[in-house]
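The values are calculated or read from the model by the stated rules, or taken from the named source; none is laboratory data. Quantities reported herein were computed from a predicted structural model and do not represent experimental measurements. We place every Cβ from the backbone using ideal geometry, glycine too, and count neighbours over all the protein chains shown.
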Amino acid sequence: MKRAFFVLIAVAAAGAAFAQQYKWVDENGRVRYGDVPPPGVKATPLKPPPQGAATPAVPDTKGDAAKALTPEQAFRKRQEDAQKDREQQAKAEQEAQVKRENCQRAQDMLRTFEGGQRISRTDSKGERYYLEDAEIGRETAKARESVQQWCY
């Protein structure tokens with residue numbers, strides 16, 4: 001029973017929404033609007049709102065560009081985008097590989113200098129010479145900086 005009552009109320013409210021509206025001027029000179037004008041007043045019927053047009057549609061500029069492409073053009077665009085993504089991924093992988101290799105070299109050098117063994121080098125004449133403690137300290141500091149740069 002309650003459901004029928006609510007349905008009846010909803011139908012009555014919907015009918016009022018589609019009722020004819022009028023415009024008139026009252027005795028004080030004010031413009032009034034309503035669905036039932038008072039008797040003895042010259043009322044002008046207003047045009048009802050168009051059926052089904054609630055709000056004007058906003059054009060979708062993004063969708064228009066995609067709709068303008070033919071299927072062949074859309075396919076080629078997807079192919080080009082995929083190719084660019086693959087190239088970017090390959091470049092990122094190559095950079096990561098270079099970073100891993102440089103990190104490994106820097107860690108190896110640091111282990112060598114911190115190992116406590118004598119370290120030798122070869123000069124321009126091809127003769128071997130040994131690094132002194134101060135030189136080993138400087139080289140160890142450089143190796144630590146390299147590890148910081150490449151491994152973190």
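Is it fair to say residue 48 is over 39 Å from the mean Cα position of the chain (by Cα) and modelled with pLDDT under 95?
It is true that residue 48 is over 39 Å from the mean Cα position of the chain (by Cα) and modelled with pLDDT under 95.
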* To do: State which residue pairs qualify: first residue without any contact (Cβ under 8 Å) to a residue 40 or more places away in the chain and inside segment 103-118, second residue in a helix (DSSP H, G or I) and among the β-branched types (Val, Ile, Thr) in any location, beta carbons under 8 Å apart, and separation of 6 or more residues or different chains.
  => 110/140; 110/147; 113/136; 113/140; 114/140
* **Condition met for residue 90 (more than 30 Å from residue 25 (Cα to Cα), at pLDDT 95 or above and either among the basic types (Lys, Arg) or surrounded by 10 or more Cβ atoms within 10 Å (Cβ to Cβ) (or both))** => yes
